[in-house]
Every structure is written in structure tokens, then in C-alpha cells.
1. Packing-wise, with mean Cβ within 10 Å as the measure, how do 192-203, 239-250, 132-143 rank, highest first?
2. Between G287, A257, N300, whose Cα lies farthest towards the positive end of the dipole of the range 222-311 when Lys and Arg beta carbons carry +1 and Asp and Glu beta carbons carry -1, centred on the Cα centre?
3. For the range 226-377, what does the alpha-carbon gyration tensor say about shape, rounded, prolate or oblate, given a ≥ b ≥ c as the root eigenvalues, a/c under 1.5 as rounded, and a/b over b/c as prolate?
4. Let me know the Kirkwood hydrodynamic radius for the range 6-256, please, with Cα pairs as the basis and the value in Å to one decimal.
5. Between the range 177-206 and the range 302-319, how many Å separate their Cα centres?
6. By the scheme Lys and Arg +1, Asp and Glu -1, what is the net charge of all other residues having a beta-carbon under 14 Å from that of W170?
7. With a sphere of radius 15 Å drawn around the Cβ of D267, what net charge do the other residues whose Cβ falls strictly inside it have (Lys, Arg +1; Asp, Glu -1)?
Amino acid sequence: MTTPPPTQHPGLLPAAPPPSDATAGPPMGSAPSSPLLSRPGAVAPSLTGGGTGPVAAHYGDPLPEQRRLAEGAGLVDRSDRDVLVVPGADRLSWLHSLTSQHLERLGDARGTEALVLSPNGHVEHHVVLTELADTTWGDVEPGTGAALVTFLDRMRFMLRVDPALVTDQWALLSLVGPRGDDVLTAAGLPVPEGTGAVAALNGGGWVRRMPALGDGSAAVVDLLVPRAELAARADALLSAGASLAGFDAYEALRVEARRPRAGVDTDHRTIPNEVSWLQTAVHLEKGCYRGQETVARVHNLGRPPRRMVLLHLDGMSEVLPAPGTPLSSGTREVGRIGTAVRHHELGVIALALVKQSVLGGQGGSEPVELRVGEAVAVIDEDEAAGQLDDAQVAARERVRAVRSGTIRG
């Protein structure tokens, strides 16, 4: 016997009824275009294959928008993320058995991260979880929610769980910057203390403390709000002192903080040990789950074949490399580019998965000169092991010279 569907759980859905026309709007798992795209200066990103994205890339000032996130309080529209709910008495033990995270004793009003892995340990989904009032919420990469709910639905068996996709009813906003807590207070909203803390919002939804972005000083809180109230909730935060910033600004600080995105900074071969999720989304001492053998073996017996690093690019090209672009050393392909951004202080930077032999030290060779197409790339000096050779030093100087001449405030 299963629990009632989500619409029968008090507080699970917004107070406003859903549209009477069930065929209206985008298909399930695809977020509708945000009302914040109608704000002055809003520019939507172009999508591969045509069309534009549902949230603003920027509002006319990409680099100043980054500074607002880094130094003040910026409001970022992330309503393109898919949202799902899992009500039911067995939800935590069930999710515990299916994911990489220890969830059996996840307390009320707490958030965490988890991975769904393939049987061979490759990352299939990265989900940010929120436990509140007898319901577990999850938000995932845009367009991936339907596939995740389909997988979860196949794994229900006779358990008291009822996973459902609710992207059409709920939307995510992120308040970023060292003054974010001041904005919450001025808006009369709760201020969650400590990473993972969650507080309920009046009228539905919640606010959740996330790890900081940028250099660690840009605090982040996510707010889940009824989609029908997205514009009104955003206006309340803007009136309380936040500034509207595009998704590009958020991405720049995310890359600086070395926080990956599933399907962008990862590929079909990525295992958790290669990226920072091993520290945030994997519990290394929990029991068996799908893909656990690979994670444990690589962790205990050897290093992963690749590692995620921060790259600096020389910035000569006006076009940023797309995710999946090969990273080469001479004629040899040694990795792949993930997210590439123009950072307001660091110039053109990118996350990349590179072979261990590229990093130098740790049993590998000396650091090597890297290229992305015709652009020179160097691994951030905080991550490159061993001494730099002359070619690597020259590459760093070229990157710095180009950056200092092209990046303006």
C-alpha cells in the first residue's frame, strides 16, 4: 500500500490550484520560461540545437553582476532546475539504499547532497536533498528530473514512498553574497544557521544554507518558492537589498569554488573519486548501494584515473570552449573541459577532468603544457603538484599578460 499522492500532503503544493488545462505549458521535467526574463536588460542563453534557456544568463552587466555576488548580495534565478518530492514513511531508508549518502538518520529541517550511480560506479545524477515536515525534496540538473523519477519509481516495490516531479509547481532562487543574511532579515525571512540547515517559509517552500561560492566568502542560501509566486518572492528580496544577477555570474563563482555540475563537468565515465563530490555527496562508511564497490576500491586501493582541476586559459578567443572540448598536450588528448567562464578577477577559467599523469608529482610526470584548441591552458598553481618547467612558467605568464590586458571591471 502506497502513501497518498503529493497533492494530498498538506504544505506539499502551493496554495494556488494547478492550471485546469493539463496539456498547457512545457512537457514534464522541463521548466517554463521564468517571469524574471522580462526584467530590463535580461539576456537568455542560446541553447545547443536552437532556442533559448528559461532563465537569464545576465541582465546587461555580466562582470559587475559577479562582483555583486562576491561582495554584496545578488539574487540568481535558478528556476530551470527540476524539483521532485518523495513523501512516505519509508522515504529515508529507501533513498539511503539507493544513493551514495547516509540518509537513514537525516534529521528534519536538514539538507545534504547525494549521488545516484550506475552499477559500475559512474555518476548518473547529483541531487541536493532537503528533509522537511515528513517529505524529502530533491533538486537536480535542468531536464534530468523526469529520468530520475522514472528510476525511483521502478525501485519502489512495496515500500511506502511516492516520488513525483513537481517542477511545474515549485521554483528555486539563490541568494548569494556576504550580505545575503542581511537581505533575509530585512525581508522578514528566516536565516538558517550552518551549511545544511533548512527553515520553512510561510506560504510554502523553504530556505536552505548551501556551501559558499567564490573564494569562500560568498555565502549561499537557496529558496524554494511556489512557481506562481516566483516574481513576487523575487521582488520582496530585491526590495530588501538584493540585486538581480544572471546565471552566468553564479557559474563564475561556482567554477572558482570548484563545485561541479553533473553532465557538464562530468561525463559518462566520471566516478565520484574524480571530483569534489567524494567529500560532499558520498558517505564512505555506509553500507551497500549501487556503484559502492567502485567507489570503495578506488578510495582504498588507488587514486582515480582522472582528477577535476581548475584551469586558467589565455583568453585570446572570444568564444569559450564548450563542455566536452578535448584538452590536449602535444598530439595527446589528456582530458576534457567542463564549465568555462569569464571571471571578474581571474580571467578565463574552467573546470576540467585531466589524467593523473598531467598533474606531475604523485608518481606522474612533470607538469605539461596544455591546450584547448589554440588556447594555452595552465592548471591552477594551488593544484599543480611538483615544480613547473620552463614551458609551464611561460604559459602562466602568457595567461596573466592576456588577462591583465583584456579583463576590465
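Quick note: the coordinates plus some simple rules give every number you see, no bench work behind them. Worth saying up front: this structure is predicted, and the values here are computed from it rather than measured. With ideal geometry, Cβ positions are generated from the backbone for all residues, glycine too; neighbour counts draw on all protein chains shown.
1. Output ranking for 192-203, 239-250, 132-143: 239-250, 132-143, 192-203.
2. N300
3. It comes out oblate by the Cα gyration axes.
4. With all distinct Cα pairs of the range 6-256 included, I get 18.5 Å.
5. Cα centres, the range 177-206 to the range 302-319: 35 Å.
6. After counting each charged neighbour, the total is -2.
7. Once positives and negatives cancel, what remains is +1.
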